[in-house]
Amino acid sequence: MPKYLLIMRGTDESNAAMMADIDEMMAATHRFIEEMVKAGVLLAAEGLDDPGQGAVVDFGGEVPVVTDGPYGETKELFGGFFMLDVASKQEAIEWAKRVPAAPGSKIEVRRVPGSDEVPQVHE
């Protein structure tokens, strides 16, 4: 079956809303993860640390430039993911619509190509 990544994307506002009721959000997320486990579709799930603890390596110039977080001009931040093993894009979308998310958040649904689909380098 194809794998799909549900990428959690938030803004400063949606992240603040989530933090305002973090206990309920964590409980809802735990219940959602249990549903995916019972359905046999969850392969992995992870959340990310505060963006202020991260860094960006920018390859836009001649040499890579490293910038520590937070990232002032970023409109959306990648906050975590769920990796699912489902039959179709539509099934992945149906799961994405059930993710407990704060208003203003987005869930991006992306298929993960199998190793047989990745171009091979022939020597």
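The values are calculated or read from the model by the stated rules, or taken from the named source; none is laboratory data. No experiment lies behind these values; they were computed from the predicted model shown. With ideal geometry, Cβ positions are generated from the backbone for all residues, glycine too; neighbour counts draw on all protein chains shown.
Here are the numbers:
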read-out	value
Answer residue from the stretch 86-123, given it is of a type in the set (Gly, Ala, Ser) and in contact with a Leu (Cβ under 9 Å, 6 or more places away or on another chain) and is nearest to GLU13 (Cα to Cα) among those	ALA96
Filter result for PHE32 (closer than 28 Å to GLY114 by Cα, of a type outside the set (A, V, I, L, M), assigned to a helix (DSSP H, G or I) and under 16 Å from the mean Cα position of the chain (by Cα))	yes
Subset of the stretch 59-70 [modelled with pLDDT of 85 or more and part of a loop (DSSP other than H, G, I, E, B)]	PHE59, GLY60, GLY61, GLU62, VAL63, PRO64
LEU48 within 14 Å of the chain's Cα centre (by Cα), at pLDDT 90 or above, surrounded by 10 or more Cβ atoms within 10 Å (Cβ to Cβ) and not acidic (Asp, Glu)	no
Out of ALA17, ALA96, ALA92, ALA28, sole residue that is at pLDDT below 90 and surrounded by 13 or more Cβ atoms within 10 Å (Cβ to Cβ)	ALA17
Residues that are out of contact with any Asp or Glu (no Cβ under 9 Å at 6 or more places or on another chain) and outside any strand (DSSP E or B), drawn from the stretch 76-94	GLU76, ALA87, SER88, LYS89, GLN90, GLU91, ALA92, ILE93, GLU94
Criterion (more than 19 Å from LYS106 (Cα to Cα), touching an Asp or Glu at 6+ places or on another chain (Cβ under 8 Å) and surrounded by fewer than 14 Cβ atoms within 10 Å (Cβ to Cβ)) met by exactly one of VAL57, VAL66, VAL41	VAL66
Residue check for GLY114: out of contact with any Lys or Arg (no Cβ under 7 Å at 6 or more places or on another chain) and either modelled with pLDDT of 95 or more or surrounded by 13 or more Cβ atoms within 10 Å (Cβ to Cβ) (or both)	no
Which listed residue, of GLU73, GLU108, is at pLDDT below 85 and either under 12 Å from the mean Cα position of the chain (by Cα) or in a loop (DSSP other than H, G, I, E, B) (or both)	GLU73
